[in-house]
Amino acid sequence: MQVQVKLFAFFREGRFIRKDKELPTGTTAGQVVDDLDIDREEVGVLMINSRHCTFETVLQEGDIYAIFPVIGGG
Amino acid sequence: MDKQNKKRILQRINLCSPDNYLVLDDGQRIAADCNCSLLDIEQIALEHSIVPARFKRNSLSFHEQLRLFRSRVAIIGCGGLGGRTAELLARLGVGHLILTDPDNFSESNLNRQIFCTLQTLGVNKVEVLAHEIEKINPALTCTQNINLFNKNSITGSDIVIDGLDSKEARIELSQLCQKRNIPMIHGAVKEWYGQAGIDQAPNKLISTLYPKTTGSKAPPKVLAMNVALIASLQTAEAIKILLGHNSTLQNNWLQTDLLHCEYNTIPLP
């Protein structure tokens, strides 16, 4: 299945801003994070089609999946 | 101040404000002659639709300028975001700032924190800030708390500005604000990237952006223009709430990326 993955802030560095990915059926949001070599502790918000989701949410064909890091400085 | 005295002051103000703006020199002279503070004089002026001339180019109505004059904003953390926000709020004419921070300026703050200079290294941030913003707005009341924040740091405030730099502190401040029903204007920065939003009981902004699973990391690298951008956004949201304007950030947060020139408004759950 095809899913568009969108990365935000410093997750973009050395990766991409948005990319269409071919993923096996049943892939979870967390598996995509792991495959991108993103530390789960650095993840703030996950959204599929503008709705908040968790690492366990299973992606579907045509989803737009956004990954936001925690930004903590002041 | 008795009624007679107030009437006398108002007559003096009216005499030197034919265009409904009171210049600083006149305000200070009237204050000295009448044995009261500039704050007293400007309060009487604003209550009678005369605006201190230094706010002329704000282009706000005297009602709006008076509302800002009567507002109290608590700034928690007076480093990058908090310091810059304090400067902007002082220029806009907010009447009372409550500043809280236990830290002193250090060399690593020079790259981004306003009023951190070679002369202020080693001096407490709240003390420096209070001194500097008084030079911008001499009628400003400033409460200084040189300590970690607690419930007293936000007591009586209309708005709280989040100038903190740790997840745990933000969660604690959010809980304190929600308990007292005070909107907390959140801002955070890292490198070229930032975010801003309004944390209020119904929208759960802070618990959304800082889930339990995340760890606390070393102080992030931050670029000065990013701090200025996010502090400006926080100031704009604070002023909008004080003046009764609606904001899209009541239900969303703003994600900024100066490197790729992207500004995204993201819906809260």
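The values are calculated or read from the model by the stated rules, or taken from the named source; none is laboratory data. Just so you know, these numbers come straight off a predicted model, no measurement behind them. Quick reminder, even Gly has a Cβ in these numbers, built from the backbone with ideal geometry, and neighbours come from all protein chains shown. Heavy atoms of the whole protein, side chains included, go into the accessibility calculation; ligands, DNA and RNA do not. Shrake-Rupley method; radii C 1.70, N 1.55, O 1.52, S 1.80 Å.
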Checklist entry - Here are some conditions: (1) within 11 Å of the chain's Cα centre (by Cα); (2) surrounded by fewer than 17 Cβ atoms within 10 Å (Cβ to Cβ). Residue A:53 meets all but one. Which one does it not meet? => result (2)
Checklist outcome for this item: Only unsatisfied item for residue B:54, checking (1) within 19 Å of residue B:141 (Cβ to Cβ); (2) under 21 Å from the mean Cα position of the chain (by Cα); (3) open to solvent by less than 50 Å² (accessible area, probe 1.4 Å), is (3)
Next on the checklist: Would you confirm whether or not the stretch A:13-28 contains a residue that is closer than 27 Å to residue B:188 by Cα and crowded, with 20+ Cβ neighbours inside 10 Å?
Outcome noted: no
Item to check | Single match in B:42, B:107 (criterion: open to solvent by less than 50 Å² (accessible area, probe 1.4 Å) and not aliphatic (A, V, I, L, M)) | outcome: B:42
Next on the checklist: If residue B:177 satisfies all but one of (1) surrounded by 22 or more Cβ atoms within 10 Å (Cβ to Cβ); (2) assigned to a loop (DSSP other than H, G, I, E, B); (3) touching a Pro at 6+ places or on another chain (Cβ under 8 Å), what's the number of the condition it fails?
Outcome noted: (2)
Checklist entry - Within the stretch B:223-257, can you find the residues that are over 18 Å from residue B:88 (Cβ atoms) and either among the small types (Gly, Ala, Ser) or open to solvent by less than 40 Å² (accessible area, probe 1.4 Å) (or both)? => result B:244, B:252, B:253, B:255, B:257
Checklist entry - Just checking, which of B:190, B:240, B:221 is at the interface with chain A (Cβ under 9 Å from one of its Cβ atoms), basic (Lys, Arg) and touching a helix residue (DSSP H, G or I) at 6+ places or on another chain (Cβ under 9 Å)? => result B:190
Checklist entry - For the stretch B:195-204, does any single residue satisfy the condition of being under 16 Å from the mean Cα position of the chain (by Cα) and either within 13 Å of another protein chain (Cβ to nearest Cβ) or assigned to a loop (DSSP other than H, G, I, E, B) (or both)? => result yes
